[in-house]
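Engineer: One structure, pasted below without further comment.
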Amino acid sequence: MSTVGSLSPGQILIGPLFNEPMRVETVQPNGPESCADIGPCPPNPPFNPAQAEHLLPPRERAVVKFGIKPGMKVRFRFDGEVHTGIVNRISKRATVLVENERGQRYTNGKHYAKFYVPVQSLEAVE
């Protein structure tokens, strides 16, 4: 059993004494006459699919919010230069391959420099 001394405002109480989770609102320590104010926890807000964008995996979020997907030709700015390349992969950032003679050779025989770019910094090229 909890004593008022071990309670703190904002703490959630659950157990056989409550039929729903209860939140401690205020605690007034006064020796043996201590008391605590408790009330029911507010219900969860209703689910809004329009605000659920953060629940999507990064690849789907890139398509939904920015219209960017793997294989697309994109443009971005890096160190004051504009680069154009192909989106190879999307995770937290997009991996963009830009043709570069000094870059790594890929299976298609071309050489690419690899850039990790935030998806919001990419612009689709037609």
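The values are calculated or read from the model by the stated rules, or taken from the named source; none is laboratory data. None of the values given here were measured: they were computed from a predicted structure. For neighbour counting, all protein chains shown are included, and Cβ atoms are generated from backbone atoms with ideal geometry for every residue, glycine included.
Engineer: For the subset of region 63-104 comprising residues that are without any contact (Cβ under 8 Å) to a residue 40 or more places away in the chain, charged (D, E, K, R) and assigned to a strand (DSSP E or B), which member is nearest to Glu126 (Cα to Cα)?
Structural biologist: Checking each candidate, the answer is Glu99.
Engineer: Assuming Ile90 fulfils every condition listed in (1) of a type in the set (Val, Ile, Thr); (2) modelled with pLDDT of 85 or more; (3) more than 19 Å from the chain's Cα centre (by Cα) apart from one, which condition is it?
Structural biologist: Condition not satisfied by Ile90: (3).
Engineer: Would you point out the residue of region 105-126, among those that are touching a residue at least 12 places away in the same chain (Cβ under 8 Å) and among the hydroxyl-bearing types (Ser, Thr, Tyr), that is farthest from Arg61 (Cα to Cα)?
Structural biologist: So the residue we want is Tyr112.
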